[in-house]
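Visitor: The structure under discussion is supplied below as structure tokens; questions concerning it will follow.
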Amino acid sequence: MGVGDLDRIFKAYDVRGVVPDDLDEDLARRIGAAFAEWSGAPKIVIGRDCRLSSPDMAIAMSEGITSRGSGVVDLGLASTDLLYFASGSLDLPGVMITASHNPKQYNGVKFCLSGARPVGQESGLLEVRALTEQGLTPTARAGVVEHRDLLPAYVDHVLTFLDPSRMRPLTVAIDTANGMGGLVAPAVLERLPVELHHLYPELDGTFPNHPADPIDPENQRDLKASVLAHHADIGLAFDGDADRVFLIDEQAQDVSGSIVTALVAKSMLAREPGASIIYNVICSWTVPEVIRENGGVPVRTRVGHSFIKQVMADTGAIFGGEHSGHYYFRENYRADSGLIAAVVVLAQLSEANVHLSELLQPFRRYADSGEINSRIDDQHATIDRIAQTLSHGREDRLDGLTVEFEDWWCNVRASNTEPLLRLNVEAKTETLLEEKTAMVLELIRGNANGKATGKRGGS
């Protein structure tokens, strides 16, 4: 196994690649052995998504783990947040076989330590990579595989984040895109006073209806039609491994991750007044404003789950949110769960007894660009050039470059895995947003090597 091959699949937070070209069963076996050796755990929990390659990948991963003497707790089919729950409740490291929202030919591996603690480049993934490249021989005694069904316990856990007896009836449309949301979401929602309209509930790793990537507006089209057709109170779109959720209001309008973060933060602060709430550098100004207005302490951090989970541990924060649709809860072992975020929003919607668009109107304060990616060869030089041009603003380098002014701000970050610069802009008016976005894009792409790769992100 060459160094270049591993460089291609070991990302900042996980392993991901095309099967079998980048990632095959032999490599999964080696990675399993490496993770068992590095973690030193007596047992490791394994879950898998419904991709066609996942059963064989999970078997190979299990063989690698047991070859080093560690046992395996096999959950079978699972969402990523179910795997995190298992890791937290059993206090064991975990391995999730998934490629999340990527196309069907991909697969991958997400790791966590006991208590659902994150594993990334700065917290062990580089060591796992080195052991994978080295290769490990089997120990004298192999570990044992046991099978556990933790879905009922997980459903009970999710429902602790609201009081079902206080909820009014709601009409809910969901699209699980043939992914793992089809396993966990109905199991929770059937316990609530909900009339459910479920698109593409079958677990099908070919994703025959549309990609399991709801951040792409095209993949939300069917859900929006369902919301309107059934006069639903809310639409919920889950990605392939169901750790992220995206919201649609009753008018079939997008709800950005920042607005969801603000709404959930308000709810969590009602539970624990004065608590700290984590948000990342590309969240809207709305988020820290709402946290302060509700008596909380806003704590700003870098983008990415490993950073957020660490800062949550350091500060004792009750909740953390990302603009990208990841929502983290202290009482969920600081792990992210789209399903928990969804039920918290349902509880808020029920209590308010108004349309979702009305509930969210106080949080719609600014105009934002969403994330705009540009293919740039010399990312750091480009960021420095932008900093020089915008030197009259308030600058920080917590994650890439953020520059704030009285009526707008921007963040420019280099991708961890690709030659991309990611731009987010927010402003007090749509007109100012268009003007400043065009100006910063010209700074990014003004040299010959700048090329647009499209716009991603919430409204």
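Bear in mind these aren't lab numbers, they're just calculated from the coordinates by the rules spelled out. Keep in mind it's a predicted model, so treat the numbers as computed, not measured. In this analysis, Cβ positions are derived from the backbone assuming ideal geometry, glycine residues included, and neighbour counts consider all displayed protein chains.
Visitor: Only helices at least 24 Å long along their own axis, judged from Cα atoms, and with Kyte-Doolittle mean hydropathy of -1.0 or greater: name those in the chain from DSSP H.
Guide: Flagged H segments: there are none.
Visitor: Can you find, among 327, 139, 366, the residue farthest towards the positive end of the dipole of the chain? Put +1 on the C-beta of Lys and Arg, -1 on that of Asp and Glu.
Guide: Towards the positive end, the residue furthest out is 139.
Visitor: May I ask you to list the trypsin sites (Lys or Arg not before Pro) in segment 138-186 that are in a DSSP loop and have at most 12 other Cβ atoms within 10 Å of their Cβ?
Guide: Those satisfying the criteria are 141.
Visitor: Could you work out [θ]222 nm for the chain from helices alone, using -39500 (n - 2.57) per DSSP H run of at least four and dividing by all its residues? Round to the nearest 500 deg cm²/dmol.
Guide: -11000 deg cm²/dmol
Visitor: Find me the longest stretch of the chain that has none of the exposed GluC sites (Glu not before Pro), where exposed means in a DSSP loop (not H, G, I, E or B) with at most 13 other Cβ atoms within 10 Å.
Guide: Longest run free of exposed loop sites: 203-405.
Visitor: Note the full-extension length gain between residue 429 and residue 130 as 0.36 nm times their separation in residues minus their Cα-Cα distance, in nm to one decimal.
Guide: Once the chain is fully extended between residue 429 and residue 130, it gains 102.7 nm.
Visitor: Using only alpha carbon pairs under 8 Å that are at least six residues apart, calculate the relative contact order of the chain and give it in whole percent.
Guide: The value is 13 percent.
Visitor: With charges set only on the Cβ (+1 for Lys and Arg, -1 for Asp and Glu), what does the dipole of segment 355-443 come to about its Cα centre, in debye to the nearest 20?
Guide: Dipole magnitude for segment 355-443 comes out near 100 debye.
Visitor: Dividing the convex hull volume of the alpha carbon atoms of segment 29-157 by its residue count, what do you get in Å³ per residue?
Guide: Looking at segment 29-157, the number lands at 97 Å³ per residue.
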